[in-house]
């Protein structure tokens, strides 16, 4: 039985306040607090790159649990902002952590849905190849591609990284996944000429109209009701987005988490940052993870606490 044994994250200390941008973008305190729900975004140092954030997340993992690096069979890095076009960032992380030559290493190029996709990938890979331990990293430093003069992106996205230890001694195991893609609308969130642009209205509409139905489809597939899910961990695109999803699904505020006020939307790292806190909240047995965005893609999963 392969599942998540532990999670750790790294969020850079540097913050850029959105309140300092009110005059520049013509926005109000109410817009910052109640619409986007991000007061400041975390930004990496200029000396840091995608792999460095991964390494710092791993160092935080080592503070939580003893890891024999010689027993790591696979590492996967989920990123769309790697150190280089080639080699793959996982190879760089592999070298920085001094992992064994027998360890497989590859990247997955996905954004907001990347953690859910990455879970399925690493679990399947480990099961098919009789592996004991694996590390799933998420690291998407959007500050590399943000236009500071773009209201749609500079107010929202922050830098972070996470690492999840997968083993045969899990705390959480997956019950079911459901994925999808709306590729004809890829241009709604795109990086061209090393600059990110986003059609905020289109992304919001995509999330509000499609994701609740996909969540219900997953629950129907495994014969669960919404009431049986203890906590929903949505990708926090914005506060407005999350409240809209909760409204459509008729969720009480106690059933979902929003926690990006002081660091921003960290893309593929957003869900594992939330999940890390659930390791302490032992009362929540069934969790639904929902990642959606760039692609346009989505991935939903139900996971169960077994320890």
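So what's the back-of-envelope 222 nm ellipticity for the chain, counting only DSSP H runs of four-plus at -39500 (n - 2.57) apiece and dividing by all residues, rounded to 500? Value at 222 nm, helices only: -8500 deg cm²/dmol.
Taking every DSSP bridge with both residues inside the chain, close to 70 percent are antiparallel. Footprinting exposure proxy ranking of 172, 19, fewest other C-beta atoms within 10 angstrom first, gives 19, 172.
Averaging the sequence gap over all C-alpha pairs within less than 8 Å and six or more residues apart, then dividing by the number of residues, gives segment 1-158 a relative contact order of 27 percent. When you count the other C-beta atoms within 10 angstrom of each residue and take the mean per peptide, 244-253, 261-270 line up highest first as 261-270, 244-253. Under 13 Å from a point placed 7 Å out from the Cα of residue 307 along the Cα-to-Cβ direction: which residues of segment 1-39 have their backbone N that close? Taking a point 7 Å out along Cα→Cβ of residue 307, the residues of segment 1-39 whose backbone N falls under 13 Å are 1-7. Ranking of 216, 119 by neighbouring Cβ atoms within 10 Å, starting from the fewest: 216, 119.
If both residues of a DSSP beta bridge must be in segment 173-305, then about 80% of such bridges are antiparallel. Between residue 190 and residue 252, the C-beta separation translates, for a Förster distance of 41 Å, into a calculated FRET efficiency of about 0.70. In whole Å, how far is the Cα centre of segment 259-307 from that of segment 115-142? If we compute the Cα centre of each part, the gap is 15 Å. One decimal place: the segment residue 283-residue 199 gains 26.4 nm when fully extended, by the rule 0.36 nm per residue minus the C-alpha distance. The ranking of 23, 123 by Cβ neighbour count inside 10 Å, starting from the fewest, reads 23, 123. Using the Cα gyration tensor of the chain, with a ≥ b ≥ c the square roots of its eigenvalues, what is the shape: rounded (a/c below 1.5), prolate (a/b larger than b/c) or oblate (neither)? Here the chain falls in the oblate category. Placing pseudo-labels 7 Å out from each Cα toward the beta carbon at residue 261 and residue 84 gives an inter-label distance of 4.3 nm.
For segment 3-170, DSSP calls about 60 percent of its internal beta bridges antiparallel. For segment 173-305, the relative contact order works out to 42 percent when only alpha carbon pairs closer than 8 Å and six or more residues apart are counted.
Where does the Debye-calculated log10 I(q)/I(0) of segment 3-170 sit at q = 0.14, 0.18, 0.19 Å⁻¹, using only Cα point scatterers of equal weight, no solvent? Debye intensities relative to I(0), on a log10 scale: -0.73, -1.06, -1.14.
Full extension of the chain between residue 228 and residue 17 yields a length gain of 72.1 nm, computed as 0.36 nm times the residue separation minus the alpha carbon distance.
For an R0 of 41 angstrom, estimate the FRET efficiency from the Cβ-Cβ distance between residue 169 and residue 31 and round to the nearest 0.05. The formula returns an efficiency of 0.35 here.
Let me check against my output: what whole-number percent is the relative contact order of the chain, with C-alpha pairs under 8 Å and at least 6 apart? Relative contact order of the chain: 27 percent.
Each of residue 147 and residue 221 was given a label point 7 Å from its Cα along the Cα-to-Cβ line. The distance between the two points is 3.7 nm.
We did not get these values from a lab; they are worked out from the coordinates using the rules stated. A quick note: this is a predicted structure, and the numbers were derived from the prediction, not measured. In this analysis, Cβ positions are derived from the backbone assuming ideal geometry, glycine residues included, and neighbour counts consider all displayed protein chains.
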